[in-house]
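These notes concern the structure reproduced below.
We did not get these values from a lab; they are worked out from the coordinates using the rules stated. The model shown is predicted, which means the values in this text are computed figures rather than measured ones. Here the Cβ positions follow ideal geometry from the backbone for every residue, glycine too, while neighbour counts run over all protein chains shown.
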Amino acid sequence: MSVHTTACPRNCYSTCGMRVHVADGKIRRIEPHAGNRATPEGVCLKGLSYVERVRSPDRILQPLRRTSSGSFEPIGWDDALDEIAGQLHRVREAFGPQSLLYYAGSGTKGLLNACGMEFWRLFGGCTTTYGDLCWPAGLEATRLTLGDNRHSAPWDIARARLILMWGKNAAETNIHQMPFIQEALAAGGRLVVIDPRRTESVEKADLWLRPRPGSDGALALALCGEVIRSGGVDTEFVANHVHGYEEFCRLALEHDAERAAEICEVPANRIRELASWILATRPMTITAGYGMQRYTNSGQTVRAILGLLAITGNLGRPGAGWVYANLQSHVFDEVRDPVACYPPAEPDGVVRVSVSTARLGRDLLDQAEPPIRMAWVERGNPVTQNPDTNVVLEALRSLEYRVVVDQFLTDTAREADIVLPAKSMFEQTDVIGAYWHPYVQLRQKVLEPPGEVKPETEIYRLLASKLGIAPSDLDGRIPGPSDEEVEAFLETRLAPHEGLSLERLKEGPALPASHEEVAFSGSRFATPSGRVELASDEAADRWGVDRLPRYAEPEESVRRAGGSNRYPLYLMTPNTKNRIHSQFGNLEMIRRVDPGPAVHVHPEDATVRGIEEAALVRVFNARGEFRLPARLDSGLKSGCVSVTNGWWIPEGGTVNFCSPGKETDMGHGAAFHDTLVEVEAV
Ligand SMILES: Nc1nc2c(c(=O)[nH]1)N[C@H]1C(S)=C(S)[C@@H](COP(=O)(O)OP(=O)(O)OC[C@H]3O[C@@H](n4cnc5c(=O)[nH]c(N)nc54)[C@H](O)[C@@H]3O)O[C@H]1N2
Ligand SMILES: Nc1nc2c(c(=O)[nH]1)N[C@H]1C(S)=C(S)[C@@H](COP(=O)(O)OP(=O)(O)OC[C@H]3O[C@@H](n4cnc5c(=O)[nH]c(N)nc54)[C@H](O)[C@@H]3O)O[C@H]1N2
Ligand code: SF4
Ligand SMILES: [Mo]
């Protein structure tokens, strides 16, 4: 039995440190790594299911080629790469390298992910995507307000006496945050959850506010107005560290509990109660989720919420602050990939075209110079996870040739001409960052890849030789195939960073030298004014929004449609405990606890439509539809229906058939939740 330090590279707050025990080429045991103070409880059920996942009978172990009947048959690596190289050569000759789309999703974290783009540079360029499906409206709102995206160490929230969990469901999506919150509660702190759904996190809350989806900006401004009127402003903090307070104050005073009650459909006395807690309790931490920032008004929403921390001086102090995204472990630019927020810079001498991730389908169909002819997809499942599935499918099907690299035959892989088998987290060493805790960690190779599986770096090397790219051009860009070459490559990347080396990371998680335990403790903010910016010229110049976080309804809102709406229900599509987006749902261990999709409907909305528990219903709007059994749920706000995202098309719950290919107001995010639907029994 050998024991190895590694870490879970899923797109998940926790990025758990772990020790895996391996014997006879099999994982025998997974236990927490004591060096990661944020994840002492160890991995979740998904983490435990890796034992099944790496050896799943459904895993793709050799290249597959689509047959004329639409099924897949095995093909040797050499033939597969010859065919792909031939297609790449053809489209580049005929239309230029930008007729190739390189699409990378968030399937796994790692420095080596950047090797993909290095390859496409050597190819002569390509079309890539800008923006991101996940969190950019909030990232950009935070950057505009505080200067950058970092927060205090995860355990600092235990020192808070008031915690606002705003549009986040940590009990399912950030399970390791909950013990720190429980610690705060045990010490007399209070938890407020702001969410239209009664989630597992709500069960722990002292107060629950249930706003109408997309209306949180009005709630935040009302709370600010109430605090200002009650004399709760930290005048010293504001005088020394806040820019634009006077203007923001005038805006906030236009709002109060009654106005927010009308807009958000939350009782005014609840809003006043929360305001009184904010006045009376310090320190306050707001832990904000990403679910709330996927609307067309949500960058502005996040700026308004940040205003509440600024005016009460709850920044830069222990137990106080903004927990959204902690990029302190992101000391390498490449670690940011695949969650880069802005259109990528043009690399030297290589023309790169970009299409919007949020509008993937439409932009691909519309791109004319040059038209897209071929796609390479890795680490992502855009058919189920990007908005507007019908248009994404249309765009993929309009191409001449598609390659997908994945571990499983996902809905996206099923659209491919060639599917290449992907490594798992145990089959190649890499260095990974996180976005909640501050550790840099090693994701170590502990198993040989099964079957004919090859890591992407090796696939790119082989493809480069087929395209006549000189091996010397790959040096320093893509490591060679041996474990030693991969480690040497990573060591070079680690070398400039004090305290980080492979030897150190093999022992366990490491803090970067620049780590700040209490973020912004020096009250230095990297904004144009050097202060917390409640009024932002940059917001106006860059994104065309108001320089103040003024409230506006999301574009797709029942109120904009004015009563006569054919689609009167908000479709909520949250994340869920036992899957990561479209991953894990195909495993026996997971299906036992989460066997299939259902649409949650409030009993009032169900009754008027004659929908009964477990009845099959059609969820639809003008963009698309899907059919699922109904689950009556009085924990949902009436006027909302909810289906967890990530179900595969054959399972019937692919929610993005109904979502719009539309960007958020800032950051080029995807406004998934600007989605109105109708449901009917079928
Ligand atoms: N188990 C598990 N963990 C995960 C993931 C996963 O798929 N599964 N995914 C990871 C990733 S990539 C991400 S982005 C994060 C996301 O983490 P979270 O942000 O916690 O998750 P979401 O489910 O997207 O949204 C959180 C909550 O926002 C609520 N919400 C939606 N609209 C509104 C609104 O207008 N106002 C308010 N106040 N609330 C609203 C939803 O009801 C939901 O409960 O989780 C990460 N962790
Ligand atoms: N309606 C709606 N849609 C959403 C969301 C929502 O809240 N509502 N959430 C959005 C969010 S926050 C996110 S982050 C996205 C996530 O969307 P995606 O980035 O597409 O992520 P996943 O669904 O996890 O799919 C990742 C794929 O990568 C594969 N994979 C894993 N490891 C590797 C590897 O090492 N190599 C390769 N080549 N492949 C690998 C997995 O098998 C899986 O098929 O979904 C978004 N979509
Ligand atoms: S999915 Fe998240 S919580 Fe589960 S093991 Fe991986 S990092 Fe930890
Ligand atoms: Mo995400």
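Considering only beta bridges that DSSP places wholly inside region 569-681, some 70 percent are antiparallel. For the pair region 471-501 / region 128-164, the C-alpha centres are spaced 31 Å from each other.
According to the square roots a ≥ b ≥ c of the eigenvalues of the Cα gyration tensor, what is the shape class of region 569-681, taking rounded for a/c under 1.5, prolate for a/b larger than b/c otherwise, and oblate for the remainder? In terms of gyration-tensor shape, oblate.
For region 223-296, the relative contact order works out to 38 percent when only alpha carbon pairs closer than 8 Å and six or more residues apart are counted. Here the Karplus relation 6.51 cos²θ - 1.76 cosθ + 1.60, evaluated at θ = phi - 60°, turns the backbone of region 4-11 into coupling constants of 10, 7, 8, 8, 7, x, 5, 6 Hz, with x for every Gly and Pro.
Over all directions, the projected convex hull of the C-alpha atoms in region 548-617 averages 7.7 nm² in area. A simple rule links phi to the HN-Hα coupling: the Karplus curve 6.51 cos²θ - 1.76 cosθ + 1.60 with θ = phi - 60°, which for region 354-359 gives 10, 10, 6, 4, 5, 10 Hz, with x for Gly and Pro. Put a dot 7 Å past the Cα of Glu203, heading toward its Cβ, do the same for Arg229, and the two dots end up 3.7 nm apart.
The relative contact order of region 569-681 comes to 36 percent, based on Cα pairs under 8 Å that sit 6 or more residues apart. With respect to the cross-link table entries Lys168/Lys662; Lys26/Lys466; Lys46/Lys168; Lys577/Lys662; Lys204/Lys637; Lys454/Lys662, which display a Cα-Cα separation exceeding 24 Å? From Lys168/Lys662; Lys26/Lys466; Lys46/Lys168; Lys577/Lys662; Lys204/Lys637; Lys454/Lys662, over 24 Å: Lys26/Lys466; Lys577/Lys662; Lys454/Lys662. Gain on full extension, evaluated as 0.36 nm per residue between Glu555 and Ser523 minus their Cα-Cα distance, stands at 7.9 nm.
Maximal additional length on extending the Asp78-Glu265 stretch stands at 61.2 nm, based on 0.36 nm per residue less the C-alpha distance.
With an 8 Å Cα cut-off and a minimum separation of 6 or more residues, compute the relative contact order for the chain in percent. Before the final figure, lay out the partial values.
Working: 1578 pairs, mean separation 142.4, N = 682.
Value for the chain: 21 percent.
Which net charge results for the neighbourhood of Pro481, defined as the other residues with beta-carbon distances under 11 angstrom from its beta-carbon, given Lys and Arg at +1 and Asp and Glu at -1? It works out to a net charge of -2.
Given the -39500 (n - 2.57) contribution per DSSP H run of 4+ residues, what per-residue ellipticity at 222 nm results for the chain, rounded to the nearest 500 deg cm²/dmol?
After summing the helix terms and dividing by residue count, I get -8000 deg cm²/dmol.
For region 598-646, the list of GluC sites (Glu not before Pro) that fall in a loop by DSSP and count at most 13 other C-beta atoms within 10 angstrom reads Glu612, Glu613.
Once you order the gyration tensor axes a ≥ b ≥ c over the Cα atoms, which shape class does region 177-244 get: rounded for a/c under 1.5, otherwise prolate or oblate by comparing a/b with b/c? Don't skip to the answer; put the middle values down first.
Values: a/c = 2.54, a/b = 1.42, b/c = 1.79.
It is oblate, given that a/c is not under 1.5 and a/b is not larger than b/c.
Computing Rg and the Kirkwood Rh from the Cα coordinates of the chain gives a ratio, Rg/Rh, of 0.96.
Note on Glu273 and Glu498: with the Förster distance fixed at 45 Å, the Cβ-Cβ geometry gives a FRET efficiency of about 0.40.
Placing pseudo-labels 7 Å out from each Cα toward the beta carbon at Asp366 and Gln182 gives an inter-label distance of 4.9 nm.
When you filter the trypsin sites (Lys or Arg not before Pro) in region 477-585 for DSSP loop state and at most 13 other Cβ atoms inside 10 Å of their Cβ, you are left with Arg524, Arg566.
Taking 0.36 nm per residue of separation and subtracting the Cα-Cα distance, what length does fully extending Asp148 through Met589 add? Walk me through the numbers on the way to the answer.
Working: separation 441, 0.36 × 441 = 158.76 nm, distance 3.96 nm.
Full-extension gain reported as 154.8 nm.
Using the Cβ-Cβ distance between Arg282 and Met1 with R0 set to 41 Å, the FRET efficiency from 1/(1 + (r/R0)^6) comes to roughly 0.25.
Helix 389-398 and the longest principal axis of the C-alpha atoms of the chain enclose an angle of approximately 30°. By DSSP, the beta bridges lying fully in the chain are antiparallel in about 45 percent of cases.
Taking a ≥ b ≥ c as the square roots of the Cα gyration tensor eigenvalues, region 200-329 comes out rounded, since a/c falls below 1.5.
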